[in-house]
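Below you'll find the structure, written out as structure tokens, and then a few comments.
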């Protein structure tokens with residue numbers, strides 16, 4: 001009885017007793033969810049347009065962030081202008097590197113593997129992950145680096161709100177992250193539904209052959225898509241990096257974003273966002289209110305169980321396209 | 001030229017269905033077994049046995065386990081490492097609770113524990129397919145790994161929070177623990193791996209294997225043909241986890257001699273999946289090829305620069321080997337998406353007809 005009480009009632013009593021604490025937890029969940037959603041977004045972009053389950057998204061985030069910091073340090077050492085200018089030049093250079101990466105991946109990995117089964121392409125992104133880990137460590141070294149958040153004029157400090165009879169503290173960088181993520185999602189949504197390239201992307205996602213036969217260039221589309229998800233990775237890297245630091249440990253967050261993906265559905269951009277929020281909030285609430293019962297560290301698998309529960313009722317995720325199988 | 005089967009006529013169905021229908025193949029497999037059982041333990045030094053052959057065999061066994069699930073039944077799993085861990089921890093618990101029973105009995109019995117756990121986590125596979133299932137099996141990976149770390153009962157409340165393998169003997173010769181010689185351990189691992197490969201080969205060539213392949217090719221069609229999906233898929237999960245569990249138990253008891261939960265992390269799962277895909281999905285011999293390539297490649301990369309006297313810092317070698325492994329994975333996928341097993345087949349075919357291919 002006591003255990004049942006602790007599982008089913010006590011956490012809610014705690015929530016009601018301290019609403020400000022609940023609000024703080026919810027906010028943290030929301031922010032974590034937003035960042036998960038950003039990673040999931042990178043996955044969805046590539047899966048939608050090429051059917052490739054891109055395992056390398058996590059390492060792309062790390063790689064993008066490291067490139068940015070690396071260029072910044074290089075520029076400073078060469079004595080280029082004030083810190084702010086160097087930071088933005090480094091940002092531009094990092095974007096160029098992501099473009100080069102997208103082109104290289106298309107040319108060297110995807111083009112020779114056109115029309116192969118999904119699992120082979122999935123496997124190829126594993127190879128890409130290993131390559132990028134080795135390359136990144138070789139070039140930038142394995143030490144954690146500090147993200148150049150100040151130099152990029154990202155806001156600092158916290159915003160303290162007096163609500164619900166307590167103090168809820170919001171980090172300004174988190175607010176900025178939420179804003180940027182929303183803008184990016186909106187832009188991508190418009191890009192996918194309104195522009196010519198967006199329509200071509202959706203055509204490619206439906207069928208490679210049909211798209212080729214109406215004159216859509218697969219190569220061009222894939223470079224665009226990988227570049228877009230490289231940009232998403234760069235933004236994600238800046239945001240995560242500003243919250244902690246840039247190191248190869250960050251790539252683990254890609255694994256944390258996978259439940260978001262299956263929750264929202266592999267093919268849905270809104271799904272990635274909603275899934276991210278559900279997982280982020282669920283994880284933080286679970287860790288905070290139920291965590292002490294099980295011993296800490298449950299957030300490593302809790303999100304997977306949340307996602308699995310949803311999946312048992314909707315096997316294609318919340319917003320995924322219905323899977324139709326024909327014999 | 002090297003390889004002619006002229007004059008070998010099959011007069012019975014059994015001969016036609018044989019796994020090695022050609023005499024040269026049968027001789028070849030006998031030679032390989034003889035080398036493995038006699039020549040390598042006799043001439044190999046302890047480095048070869050301990051650091052190359054034992055891990056190679058254990059990884060091959062785990063790769064066969066995953067191949068039964070992913071290659072033959074078409075269910076993608078990323079929880080292999082955790083199932084290996086279940087085997088290792090089960091073996092440790094059983095061996096310390098019942099020290100009187102022989103350790104090799106427990107190594108095999110721990111496979112059944114892993115199979116039971118595998119069935120539980122295989123349940124969602126009826127509803128969830130493809131990459132969604134792969135992510136669902138990650139739930140097993142993370143949950144089980146969390147259990148290994150958080151439940152001290154599993155390691156008998158050791159201070160080190162790790163498995164410490166006790167010494168056990170077979171006919172008076174120590175088999176596990178610090179006193180066992182590499183040769184003894186190698187021979188035991190080899191015997192178990194060969195026996196289980198033989199079992200797997202019979203399994204996939206029989207009714208069960210054909211059921212699995214039908215489910216892999218299209219599960220709805222298989223269902224319409226009268227194959228019951230749930231028992232078939234769960235059986236695949238059970239057998240696969242059994243193999244992985246035994247591999248895990250062997251790994252800790254006959255290779256490492258002690259292990260923490262970290263050994264069975266997500267990277268181990270990916271590692272095994274590499275072996276299966278590089279080796280060839282749906283091929284037992286491919287599992288061996290894959291294990292050999294993926295496991296030996298980093299070792300080779302570490303030793304080759306030394307041999308040529310090229311001075312490279314060990315950290316740089318580490319990074320370079322990551323890059324090369326990654327690039328090689330992509331290279332092999334591009335050259336032959338069906339894996340090394342397919343390359344082997346092509347080579348054999350070429351040898352048969354060489355030098356007059358038409």
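The values are calculated or read from the model by the stated rules, or taken from the named source; none is laboratory data. If you're wondering where the values come from, they're calculated on a predicted model, not measured in any experiment. Neighbour counts run over all protein chains shown; Cβ positions are idealised from the backbone, glycine included.
Matching residues to (1) surrounded by 12 or more Cβ atoms within 10 Å (Cβ to Cβ); (2) under 17 Å from the mean Cα position of the chain (by Cα); (3) in a loop (DSSP other than H, G, I, E, B):
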| site | (1), (2), (3) |
| --- | --- |
| B:4 | yes, no, yes |
| B:10 | no, no, yes |
| B:26 | yes, no, no |
| B:41 | yes, no, no |
| B:54 | yes, yes, no |
| B:63 | yes, yes, no |
| B:82 | yes, yes, no |
| B:85 | yes, yes, no |
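Consider residue B:66 carefully, then state whether it is under 30 Å from residue B:220 (Cα atoms) and either touching a residue at least 12 places away in the same chain (Cβ under 8 Å) or touching a strand residue (DSSP E or B) at 6+ places or on another chain (Cβ under 6 Å) (or both).
So residue B:66 passes the test.
Among (1) closer than 28 Å to residue A:121 by Cβ; (2) within 11 Å of chain A (Cβ to nearest Cβ); (3) assigned to a helix (DSSP H, G or I), there is one condition residue B:128 misses while meeting the rest; what is its number?
Going through the list (1) closer than 28 Å to residue A:121 by Cβ; (2) within 11 Å of chain A (Cβ to nearest Cβ); (3) assigned to a helix (DSSP H, G or I), residue B:128 breaks only (3).
On the given criteria, is residue B:19 out of contact with any strand residue (DSSP E or B) (no Cβ under 8 Å at 6 or more places or on another chain) and assigned to a helix (DSSP H, G or I)?
no
Please state which one of B:78, B:33 is surrounded by fewer than 13 Cβ atoms within 10 Å (Cβ to Cβ) and either more than 21 Å from residue B:257 (Cβ to Cβ) or free of Cβ contacts under 8 Å to residues at least 24 places away in the same chain (or both).
B:33
Scanning for something in contact with a helix residue (DSSP H, G or I) (Cβ under 6 Å, 6 or more places away or on another chain), without any contact (Cβ under 8 Å) to a residue 60 or more places away in the chain and surrounded by 14 or more Cβ atoms within 10 Å (Cβ to Cβ), does the range A:139-147 turn up at least one residue?
No, there is no match, as no residue in the range A:139-147 is in contact with a helix residue (DSSP H, G or I) (Cβ under 6 Å, 6 or more places away or on another chain), without any contact (Cβ under 8 Å) to a residue 60 or more places away in the chain and surrounded by 14 or more Cβ atoms within 10 Å (Cβ to Cβ).
Determine if the range B:43-50 includes at least one residue that is in contact with a helix residue (DSSP H, G or I) (Cβ under 8 Å, 6 or more places away or on another chain) and outside any helix (DSSP H, G or I).
yes
When you look at residue B:142, is it within 13 Å of another protein chain (Cβ to nearest Cβ), buried (at least 21 other Cβ atoms within 10 Å of the Cβ) and farther than 29 Å from residue B:284 by Cβ, yes or no?
yes
Tell me which helices (runs of 4 or more DSSP H) are completely within the range A:259-327 and hold 3 or more residues being closer than 20 Å to residue A:35 by Cβ, or say none if there are none.
A:269-285, A:299-313
Could you please let me know if residue B:250 is away from chain A (no Cβ under 13 Å), in contact with a helix residue (DSSP H, G or I) (Cβ under 9 Å, 6 or more places away or on another chain) and in a helix (DSSP H, G or I)?
For residue B:250, the condition - away from chain A (no Cβ under 13 Å), in contact with a helix residue (DSSP H, G or I) (Cβ under 9 Å, 6 or more places away or on another chain) and in a helix (DSSP H, G or I) - is met.
Go through the range B:182-218 and give me each residue that's under 23 Å from residue B:75 (Cα atoms) and either free of Cβ contacts under 8 Å to residues at least 60 places away in the same chain or in contact with a strand residue (DSSP E or B) (Cβ under 6 Å, 6 or more places away or on another chain) (or both).
If the condition is that a residue be under 23 Å from residue B:75 (Cα atoms) and either free of Cβ contacts under 8 Å to residues at least 60 places away in the same chain or in contact with a strand residue (DSSP E or B) (Cβ under 6 Å, 6 or more places away or on another chain) (or both), then B:198, B:199, B:202, B:206, B:207, B:208, B:210, B:211, B:214, B:218 are the ones that fit.
Of all residues in the range B:254-280, count the ones that are in contact with a helix residue (DSSP H, G or I) (Cβ under 6 Å, 6 or more places away or on another chain) and assigned to a helix (DSSP H, G or I).
14
Of all residues being out of contact with any helix residue (DSSP H, G or I) (no Cβ under 6 Å at 6 or more places or on another chain) and more than 19 Å from residue B:249 (Cβ to Cβ) in the range B:145-159, which is farthest from the other protein chains (Cβ to nearest Cβ)? Just the residue, please.
Across the range B:145-159, the extreme among qualifying residues is B:159.
Given the residues B:331, B:322, which is the only one that is part of a helix (DSSP H, G or I), crowded, with 19+ Cβ neighbours inside 10 Å and at the interface with another protein chain (Cβ under 10 Å from one of its Cβ atoms)?
Only one candidate passes the filter, namely B:322.
Would you tally the residues in the range B:189-207 being assigned to a helix (DSSP H, G or I) and over 16 Å from the mean Cα position of the chain (by Cα)?
Residues in the range B:189-207 being assigned to a helix (DSSP H, G or I) and over 16 Å from the mean Cα position of the chain (by Cα): 3 in total.
For (1) buried (at least 16 other Cβ atoms within 10 Å of the Cβ); (2) over 25 Å from residue A:142 (Cβ atoms); (3) more than 22 Å from the chain's Cα centre (by Cα), each residue gets a yes or a no:
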| position | (1), (2), (3) |
| --- | --- |
| A:69 | yes, no, no |
| A:74 | no, no, yes |
| A:79 | no, yes, yes |
| A:85 | no, yes, yes |
| A:93 | yes, no, no |
| A:98 | yes, no, no |
| A:101 | yes, no, no |
| A:112 | no, yes, yes |
| A:123 | yes, yes, no |
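Within the range B:160-180, count every residue that is part of a strand (DSSP E or B) and either within 14 Å of chain A (Cβ to nearest Cβ) or over 24 Å from the mean Cα position of the chain (by Cα) (or both).
Selection size over the range B:160-180: 5.
In this structure, is residue B:240 surrounded by 24 or more Cβ atoms within 10 Å (Cβ to Cβ) and under 24 Å from residue B:187 (Cβ atoms)?
Here the answer is no, as residue B:240 does not meet what is asked.
Please enumerate the residues belonging to the range B:334-348 that are in a helix (DSSP H, G or I), crowded, with 16+ Cβ neighbours inside 10 Å and within 10 Å of chain A (Cβ to nearest Cβ).
B:334 - this is the single residue of the range B:334-348 that is in a helix (DSSP H, G or I), crowded, with 16+ Cβ neighbours inside 10 Å and within 10 Å of chain A (Cβ to nearest Cβ).
Among the residues that make up the range B:218-232, is at least one of them more than 14 Å from chain A (Cβ to nearest Cβ), outside any loop (DSSP other than H, G, I, E, B) and more than 30 Å from residue A:300 (Cβ to Cβ)?
Yes, the conditions are met somewhere in the range B:218-232.
On the basis of being within 22 Å of the chain's Cα centre (by Cα) and part of a helix (DSSP H, G or I), does residue B:352 make the cut?
No, not satisfied.
Taking residue B:183, is it outside any strand (DSSP E or B), farther than 25 Å from residue B:239 by Cβ and either modelled with pLDDT of 75 or more or within 17 Å of the chain's Cα centre (by Cα) (or both)?
Taking the combined requirement at face value, the residue satisfies it.
What number of residues in the range B:173-228 are in contact with a helix residue (DSSP H, G or I) (Cβ under 6 Å, 6 or more places away or on another chain) and at positive phi?
0
Please go through (1) more than 30 Å from residue B:227 (Cβ to Cβ); (2) surrounded by fewer than 23 Cβ atoms within 10 Å (Cβ to Cβ); (3) under 17 Å from the mean Cα position of the chain (by Cα) for residue B:108 and return the number of the only condition it doesn't satisfy.
(1) is the only condition that residue B:108 fails.
For the range B:85-125: of the residues being under 17 Å from residue B:255 (Cα atoms) and touching a strand residue (DSSP E or B) at 6+ places or on another chain (Cβ under 8 Å), which is farthest from the other protein chains (Cβ to nearest Cβ)?
So the residue we want is B:104.
Might you check whether a residue that is at pLDDT 80 or above, more than 12 Å from chain B (Cβ to nearest Cβ) and more than 25 Å from residue B:145 (Cα to Cα) occurs anywhere in the range A:277-294?
The answer is yes; a qualifying residue exists.
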